[in-house]
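Below is one structure, written out as C-alpha cells, with a few remarks after it.
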Amino acid sequence: MANISTIYKLSFLAFTYFMHVYGTSCPVLECWFVQEKPGRGGGFHAAMSQEKTLLYINTDPDSEETRSKQGPSTDHDRVYYVTDPAATLCSSSLHPPEGSVQKPQCEINPFMPQPSTVQWTVPLTDSAHSPIYLQADWYSAALQGLDGQLGLSNVMRAPTATKEPNVVLSVSSRTSMIRSRLGEPVVLDCGFWVEASSPLSGSGFAVEWRYQFRGDGRLVLAYDGKSDRFAETQEEGAGLDFTALHETGNASLILQEAQVRHSGTYICTVYLPYLLAQAVVELEIVEPPSLSIFPSPLPLSVPGQVVTVQCEASGFSPLSMEFRWELTGPDGRVRPLGQGSVTGHRQGPDSTYSQTSRLELDSAKLDLGRGGEVTCVAVHPGGTRRASVTLNVTGVSAPSIEDSMAMVAVALGTYGLIKVLSWTFSSGPDDANSQEKEVK
C-alpha cells in the first residue's frame, strides 16, 4: 500500500515541477455548458440547452496572467477564467496536440450545494445553518481525457455574477478502464483534492464506492473520514489505504482477490459538507480458458470410420469465445475443419464459464489422408489457447513418402540377400573339384 502513496506523492512533485517550469497558465479547454431551459413544466422531460464554452485555466489564485493575456472568444457563448491550484485541468490527456482529430470530453453544469442524506455523510453537516460561503455561483465540470487516461470531476465556486470560478473539490481517476485476471489483487484508482483555503476543507470528508452492472447495484464500502469509521455494509475483501487517504487524498479501492462478480462499473464519490464529486472506473475480469481434448490418444482409424473428438474449454470469463478445429498433415500444411458442434455455456460455482465443441472426423468425407495433428483452438478476449491430439489413419491406398522409402529399402535388402545366396550355392561344387585336383 505504501507504493500507492508514493505514486501520489511523485505526481504532486511532478505538478510542482510543471508549474515551476511552465508558469501558472495552462492550455485552453473547450467545453459544453449544459442546463435546463427555463419555463418547461407540466410533467414533460425538461429541455436542455447547450452552449459552447471556453475555459482559461490559471493555477495561481493571486495571478492575473491568464485574464490579462486572453480575451473573450467571439465564437463561444460563454467564457470562464478558472483557477485550479491543483492543476488537474492542466493534464496532458485533456490537451491533444494541435491538429489532432480526437478531443477530450468536457461538460459544465450548474451545481446546487446541499447536505447529503446518506448515513455516513450526516456528521459532515450536523449544523443546521448553511455557511455564507455557499452563497455564490456553483458549477460542476465532468471531463474525460484522451484514450481513457483521465476521468475528472470538479466542483467550482464563483462570486455571484462573475466568470471567475475557483476549483474547490476535484475527484479524478487516471485509469477509467482496468482489466485483471482471476485471483489477482486490483487497485481501482481514485484521488481527490480540496482547496485548503475553503471553509469546507476543515470539516471532514467521506468516501463511498458503489458497484453497478446490468441494473444491479450494491454498496462496496463507505468511510466517514470525520468520525474515522466504516459503514456496516463494507464488502469482504475490499478496503482503502488509510495512510494515503488522509495524507495525499488517495481514495483508491483495493480488492484483495479479483473474482468474476467484480466485473462492472465502480463509482467513487467524495463528499464534503454540501458538496460531492465522482469518478467512474470500469473493471473487467478476463480469464482465458483451459482446454482439454478427449479421448486422448485417439483410437487408430481406418478409411470410412468416424472418430469423434471433443474439446472442453473451462474456467473462462467473459463468456464470449469462438472454437475452431485444424488438421496439420505430415507435410506441415494446416487445414481448417470448422468449429464443430458447440454446446451452450455452463456456469460454475466461481461464476466462470465452460463450453464444449464436438467434432466428427470421417476420413471418407474430410479426406484426412493418413491423419496428422488435430488441434482445437479457442479464441477468447483473454488470449488464444490451443490443444492437440494425433490422428492416425491406416490402410490408405496411396502410400506415404516414408512408406515408399521403407518399401524400397526392403526390396533392396531382399535383392541383396538373394544375390548372396545365389552366389554361395552356385560356387560351392566348383570349389570342391578344384581342391581334389590339387590333391592329386
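For the range 270-316, give me every one of the strands (runs of 3 or more DSSP E) that falls completely inside it and has 1 or more residues that are of a type in the set (Val, Ile, Thr), touching a Pro at 6+ places or on another chain (Cβ under 8 Å) and modelled with pLDDT under 90. By residue number, 306-316. Whether any residue in the range 40-56 is surrounded by fewer than 14 Cβ atoms within 10 Å (Cβ to Cβ), at pLDDT 85 or above and not in a strand (DSSP E or B) is what I want to check. No, the range 40-56 contains no residue that is surrounded by fewer than 14 Cβ atoms within 10 Å (Cβ to Cβ), at pLDDT 85 or above and not in a strand (DSSP E or B). Across the range 138-159, the qualifying residues are those that are assigned to a loop (DSSP other than H, G, I, E, B) and more than 15 Å from the chain's Cα centre (by Cα), and the one among them that is modelled with the lowest pLDDT is GLY145. Being part of a loop (DSSP other than H, G, I, E, B) and under 10 Å from VAL167 (Cα atoms) is the filter here, so list the residues in the range 75-100 that pass it. Answer for the range 75-100, where residues must be part of a loop (DSSP other than H, G, I, E, B) and under 10 Å from VAL167 (Cα atoms): ASP84, PRO85, ALA86, ALA87. Any chance the range 160-176 includes a residue that's over 21 Å from the mean Cα position of the chain (by Cα) and over 27 Å from PRO115 (Cβ atoms)? Taking every residue of the range 160-176 in turn, at least one turns out to be over 21 Å from the mean Cα position of the chain (by Cα) and over 27 Å from PRO115 (Cβ atoms). Residue count for the range 319-355, restricted to those that are farther than 24 Å from PRO381 by Cβ, open to solvent by less than 60 Å² (accessible area, probe 1.4 Å) and outside any strand (DSSP E or B): 2. Remark: pairs (first residue in the range 101-130, part of a helix (DSSP H, G or I); second residue loosely packed, with under 14 Cβ neighbours inside 10 Å; Cβ separation under 7 Å; 6+ apart in sequence or on different chains) = PRO123/SER227.
A single member of GLY215, GLY225 is out of contact with any Cys (no Cβ under 8 Å at 6 or more places or on another chain), at pLDDT below 95 and at positive phi, and it is GLY215.
If only residues of the range 123-181 that are of a type in the set (D, E, K, R) and under 13 Å from VAL281 (Cα atoms) are counted, the one that is least open to solvent (accessible area, probe 1.4 Å) is ARG174.
The values are calculated or read from the model by the stated rules, or taken from the named source; none is laboratory data. These figures come from a predicted structure and were not determined experimentally. Reconstructed Cβ throughout: ideal geometry from the backbone, glycine too, with neighbour counts over all protein chains shown. These area figures cover heavy atoms from the full protein model, side chains too; ligands, DNA and RNA do not enter into them. Shrake-Rupley method; radii C 1.70, N 1.55, O 1.52, S 1.80 Å.
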